[in-house]
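**Q** Mind looking over this structure? Questions follow.
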Amino acid sequence: MSPQYKRILLKLSGEALMGGDSYGINRQTIENIVAEIAQISRMGVEIGVVIGGGNIFRGVAPGAAGMDRATADYMGMLATVMNALALQDAMRHAGIVSRVQSALNIEQIVEPYIRGKAIRYLEEGKVVIFAAGTGNPFFTTDTAAALRGSEMGVEIVLKATKVDGVYTADPKKDPSAKRFSRLSFDEAIGRNLKVMDATALALCRDQKLPICVFSIFKKNALQRVVLGEEEGTLVHA
């Protein structure tokens with residue numbers, strides 16, 4: 001079976017790394033996620049990863065109450081760097097060669113983000129983990145995923161979440177909520193379906209860059225998405 005996509009951008013939330021824990025990084029969970037990534041890497045798919053920091057610190061969280069928003073957002077960016085290093089370490093244990101590039105310069109720890117270098121790493125079969133969001137406060141890691149995906153020329157942005165797609169309502173609160181298998185960008189924006197934040201969604205729409213929302217905790221779901229099988233919710237132009 002050959003993959004439908006040659007180059008992808010995987011957006012991982014920081015919360016995805018917590019597993020069942022209330023904060024931090026759950027080792028078993030990160031190993032499971034890396035095993036899913038390894039599957040598609042072995043298929044020859046070029047993979048960029050944008051990682052969030054909500055498991056450690058989030059600029060809009062209660063912990064940031066009363067704090068200057070820009071300061072809180074920079075702290076959130078540093079949390080993504082910590083997650084990126086943990087992900088890289090787990091990948092090394094799994095035999096995957098990866099590189100971390102950060103939008104904030106912390107050169108003793110990670111490389112700065114350089115577009116040409118990142119593209120070369122992808123072409124060499126290395127996984128590139130993009131840390132520190134866009135490097136600017138007031139922008140989410142969703143927007144970073146849309147931005148890096150566009151810059152890297154990926155064919156699709158895969159948003160890995162705890163739920164297996166986009167629903168008409170929160171399926172945890174409303175048992176009658178229905179999952180969409182496909183959605184247009186205009187529908188997603190018009191219905192305010194929280195696929196990604198509005199800036200990210202608008203950027204993907206403008207670049208005609210499709211988004212697939214799926215559950216990273218569903219075994220082999222990432223592989224099924226890459227093979228073009230029906231999995232999660234596809235948001236398209």
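**Q** Between a residue in region 181-209 that is assigned to a helix (DSSP H, G or I) and any residue that is β-branched (Val, Ile, Thr) and surrounded by fewer than 20 Cβ atoms within 10 Å (Cβ to Cβ), which pairs come within a Cβ distance under 6 Å, given they are 6 or more apart or on different chains?
**A** Here the result reads LEU201/ILE189, each pair linking region 181-209 to a residue that is β-branched (Val, Ile, Thr) and surrounded by fewer than 20 Cβ atoms within 10 Å (Cβ to Cβ).
**Q** Let me ask something else about it. THR80 is checked against (1) crowded, with 22+ Cβ neighbours inside 10 Å; (2) of a type in the set (S, T, N, Q); (3) assigned to a helix (DSSP H, G or I); (4) touching a helix residue (DSSP H, G or I) at 6+ places or on another chain (Cβ under 6 Å) and fails just one. What number does that condition carry?
**A** Every condition holds for THR80 apart from (4).
**Q** Which one of these is in a loop (DSSP other than H, G, I, E, B) and under 19 Å from the mean Cα position of the chain (by Cα): ASP170, ASP164, ASP174? Show your work before the answer.
**A** Values: ASP170 fails: under 19 Å from the mean Cα position of the chain (by Cα); ASP174 fails: under 19 Å from the mean Cα position of the chain (by Cα).
Matching residue, one of ASP170, ASP164, ASP174: ASP164.
**Q** Taking the residues in region 154-173 that are surrounded by fewer than 14 Cβ atoms within 10 Å (Cβ to Cβ) and in contact with a strand residue (DSSP E or B) (Cβ under 8 Å, 6 or more places away or on another chain) as candidates, determine which candidate is nearest to VAL195 (Cα to Cα).
**A** Narrowing region 154-173 to residues surrounded by fewer than 14 Cβ atoms within 10 Å (Cβ to Cβ): 162, 168-170, 172-173.
Filter again for in contact with a strand residue (DSSP E or B) (Cβ under 8 Å, 6 or more places away or on another chain), leaving 162, 168.
Numbers: LYS162: 13, THR168: 11 Å.
Only one residue fits best here, namely THR168.
**Q** Taking region 8-30 only, how many residues are surrounded by fewer than 14 Cβ atoms within 10 Å (Cβ to Cβ) and in a helix (DSSP H, G or I)?
**A** 2
**Q** Do the conditions hold for GLN108, that is, is it touching a helix residue (DSSP H, G or I) at 6+ places or on another chain (Cβ under 7 Å) and without any contact (Cβ under 8 Å) to a residue 40 or more places away in the chain?
**A** Numbers: touching a helix residue (DSSP H, G or I) at 6+ places or on another chain (Cβ under 7 Å): no; without any contact (Cβ under 8 Å) to a residue 40 or more places away in the chain: yes.
For GLN108, the condition - touching a helix residue (DSSP H, G or I) at 6+ places or on another chain (Cβ under 7 Å) and without any contact (Cβ under 8 Å) to a residue 40 or more places away in the chain - is not met.
**Q** Of the residues that make up region 37-54, is at least one surrounded by fewer than 21 Cβ atoms within 10 Å (Cβ to Cβ), modelled with pLDDT under 95 and in a helix (DSSP H, G or I)?
**A** No; the residues of region 37-54 include none that is surrounded by fewer than 21 Cβ atoms within 10 Å (Cβ to Cβ), modelled with pLDDT under 95 and in a helix (DSSP H, G or I).
**Q** Hey, another quick one. Can you tell me which condition ARG58 does not meet? The list is (1) under 23 Å from MET196 (Cβ atoms); (2) in a helix (DSSP H, G or I), and all the others hold.
**A** Only one criterion is unmet by ARG58, namely (2).
The values are calculated or read from the model by the stated rules, or taken from the named source; none is laboratory data. Computed from a predicted structure; not experimentally measured. In this analysis, Cβ positions are derived from the backbone assuming ideal geometry, glycine residues included, and neighbour counts consider all displayed protein chains.
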